[in-house]
Amino acid sequence: MARSDDILVKIRGLVFSHGRRRIFDGIDMDIRRGAVTAIMGPSGTGKTTLLKLIGGQLKPRSGTVEVDGHDVHRLSRSDLYRLRKRMGMLFQSGALLTDLNVFENVAFPLREHTDLPESMIRSLVLMKLEAVGLRGARELMPAQLSGGMARRVALARAIALDPMMIMYDEPFTGQDPISMGVLVKLIRTLNDALGLTSIVVSHDVAETASISDYIYVLSGGRIVGQGTPDELRRSDSPWVRQFMDGLPDGPVPFHYPAPDYREDLLR
Amino acid sequence: MTAPLQRLGAASLNVFAKLGRANLFLALALTGIPEILRRPGLLIRQMYVVGVLSVLLIALSGLFVGMVLGLQGYNVLSDFGAEESLGVMVAASLVRELGPVVTALLFSGRAGSALTAEIGLMKATEQLSGMEMMAVDPMKRVITPRLFAGILSMPLLAGLFTYIGIYGGYFVGVSLLGVDEGSFWSQMQAAIDFREDLVNSVIKSLAFGVIVTWIAVFEGYDAVPTSEGVSRATTRSVVYSAFAVLGSDFVLTALMFGE
């Protein structure tokens with residue numbers, strides 16, 4: 001286990017329910033500083049919910065989430081907002097503001113939170129856009145971007161305030177192989193070049209495993225496996241095996257719970 | 001057997017819960033006032049979208065309503081040889097009722113529905129969530145400027161509607177049907193009271209501005225974040241606005257003009 005000041009996000013005994021459905025049932029997790037940590041699991045296991053809990057957008061039923069030593073759910077509103085300025089989040093859809101062009105979208109957090117002169121904002125925005133390879137697309141509106149480009153713009157926006165960590169919500173979903181490759185490379189290089197801490201939520205096993213330092217596998221509200229990508233590939237836990245190998249049936253059943261098939265047909 | 005009763009109970013609970021949410025929402029939106037004072041650009045931009053872009057619709061509608069009033073008023077009044085009072089009739093109906101009410105109904109169709117759909121879609125596409133994660137309060141950045149843009153635009157638009165409507169009535173009554181111009185204006189001037197009519201008219205349109213815009217931004221913010229949810233919220237926004245405007249118009253009229 002890593003030293004405690006090495007841990008940026010510390011989750012202890014996290015329980016969260018949505019209506020009557022229990023999404024998390026006592027989760028412990030440590031996200032190491034400077035590393036790319038992946039959270040994987042089948043769809044509907046609440047991976048996105050976990051990011052929202054870390055970002056303080058949702059409150060857990062019990063348990064704690066500490067980010068950089070602050071208990072996220074005990075912070076006052078202004079302290080939470082101050083903490084969020086140091087956390088970037090990349091939404092699945094990109095969540096770009098549709099009435100602003102690419103340049104203004106990346107400039108948005110800078111304009112909201114700083115009083116920098118226009119010339120400096122311009123330089124900063126161009127630097128961030130250059131980092132994601134879209135400096136030439138600054139005049140485009142979000143509607144003119146492909147899905148992959150929108151995510152890269154959102155990434156440039158997420159790093160605009162030089163955060164300490166970035167959370168990626170399903171960054172690879174629905175991407176063609178080329179833009180998938182671009183995103184995979186960007187996540188790793190940005191993490192190392194800017195000294196970030198990255199949390200990647202995904203169910204794309206191969207891509208995610210290729211860039212992560214540590215992986216948690218979630219299923220049914222619990223952590224069913226964890227380790228480095230190599231350790232998980234060698235794991236003999238049926239949960240991890242099913243997920244890593246993409247088997248249709250296993251501990252996560254192929255069938256949604258249903259009454260007996262024969263009886264159902266003959267009724 | 002108790003099922004209908006249960007449904008009734010659940011439905012009424014939902015109504016009260018929603019009213020509660022709407023009130024909390026308004027209170028939160030009001031906390032954004034310092035933000036729009038600090039950055040008036042946010043408000044001005046929304047006033048352009050909500051107010052200025054509604055001007056053509058309001059002006060044209062005002063003109064036609066005034067012309068119809070002139071025509072109908074002339075037909076009735078001339079039977080009694082009282083066509084000189086046409087100015088009073090046109091001005092009183094526009095200032096007291098039609099100006100604020102019709103403007104509010106048009107405004108909710110033109111600007112209110114757009115606000116609901118815009119905010120609902122911002123929610124559905126995670127733009128509001130995204131702002132929160134960028135430590136920008138969507139309440140202050142998105143809701144408050146739109147709310148106040150609507151509240152401030154309504155009296156101005158209602159004034160424009162009334163103004164142009166009176167000229168519509170003048171055009172039909174005086175220019176086309178030959179009512180005496182002097183009596184048209186002088187009787188209007190004598191009969192329309194500043195406090196009783198004009199001030200009350202402004203109060204009404206301000207109240208309708210609050211009602212229509214509040215409903216519009218709240219329905220958008222409270223929408224189920226799917227295409228169906230946004231479509232329903234937009235419909236509700238216009239329907240509730242119409243009911244609320246007409247209902248509160250009766251109450252306001254009774255308070256202002258009732259004996």
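Look at A:PHE254, A:PHE91 and count the other Cβ atoms within 10 Å of each Cβ; fewest to most, that gives A:PHE254, A:PHE91.
Sort A:LYS128, A:LYS52 so that the residue with the fewest other Cβ atoms within 10 Å of its own Cβ comes first and the one with the most comes last. Kindly include the intermediate steps, with their values, before the conclusion.
Working: A:LYS128 23, A:LYS52 19.
Ranking A:LYS128, A:LYS52 by Cβ neighbours within 10 Å, fewest first, gives A:LYS52, A:LYS128.
For peptide B:121-130, the mean count of partner chain Cβ atoms within 10 Å of a residue's Cβ comes to 5.
Partner chain Cβ atoms within 10 Å, averaged over the residues of A:74-83 - can you pull that number for me? Kindly include the intermediate steps, with their values, before the conclusion.
Working: counts 0, 0, 0, 1, 1, 0, 2, 5, 1, 1.
Neighbouring Cβ atoms belonging to other protein chains average 1 per residue here.
The mean number of Cβ atoms from other chains found within 10 Å of a Cβ in peptide A:95-101 is 4, as a whole number. For a straight C-alpha distance cut-off of 14 angstrom, the aspartates and glutamates reachable from B:LYS18 (same-chain residues fewer than eight places away being disregarded) are B:GLU219, B:ASP222. Working note: 222 nm ellipticity from helices only, DSSP H runs with n ≥ 4, each -39,500 (n - 2.57), summed and divided by the residues of chain B, gives -25500 deg cm²/dmol to the nearest 500. For the range A:27-176, the tally of Lys pairs with Cα-Cα distances below 20 Å comes to 4, considering only residues 8 or more apart or on different chains.
Of all beta bridges DSSP finds with both residues in the protein assembly as shown, what is the antiparallel percent, to the nearest 5?
Around 55 percent of the beta bridges assigned by DSSP in the protein assembly as shown are antiparallel ones.
The length gained by stretching the chain between A:ASP176 and A:ARG234 to full extension, at 0.36 nm per residue less their Cα-Cα distance, is 18.0 nm. DSSP bridge analysis restricted to chain A gives an antiparallel fraction near 55%, rounded to the nearest 5. Against the longest alpha carbon principal axis of chain B, how many degrees, from 0 to 90 and to the nearest 10, is the axis of helix B:3-30 turned? Between helix and principal axis, roughly 80 degrees. The ranking of A:VAL125, A:VAL184 from fewest to most other beta carbons within 10 Å of each one's beta carbon is A:VAL184, A:VAL125. How far is helix B:40-50 tilted, in degrees, relative to the longest principal axis of the Cα atoms in chain B, given as a value from 0 to 90 rounded to the nearest 10? Rounded to the nearest ten degrees, it is 60. Sequentially through the range A:57-73, phi angles give Karplus couplings (6.51, -1.76, 1.60; θ = phi - 60°) of 7, 10, 10, x, 5, 7, x, 10, 10, 10, 10, 6, x, 9, 6, 3, 8 Hz, Gly and Pro residues having no value and appearing as x. The angle separating the long axis of helix B:144-170 from the principal Cα axis of greatest extent in chain B is about 20 degrees.
With θ taken as phi - 60° and the Karplus curve 6.51 cos²θ - 1.76 cosθ + 1.60 applied, the whole-hertz 3J(HN,Hα) list for the range B:173-190 is x, 7, 6, 9, 9, x, 5, 5, 5, x, 5, 3, 7, 5, 5, 4, 4, 6 Hz, x standing for glycine and proline. For the range A:34-44, 3J(HN,Hα) computed residue by residue from phi via the Karplus equation (6.51, -1.76, 1.60; θ = phi - 60°) reads x, 9, 9, 10, 9, 10, 10, x, x, 4, x Hz, glycine and proline entered as x.
Bear in mind that the values in this text are calculations on the coordinates, not laboratory data. All values derive from a computational prediction rather than experimental measurement. All Cβ positions, glycine included, derive from the backbone under ideal geometry; neighbour counts span all protein chains shown.
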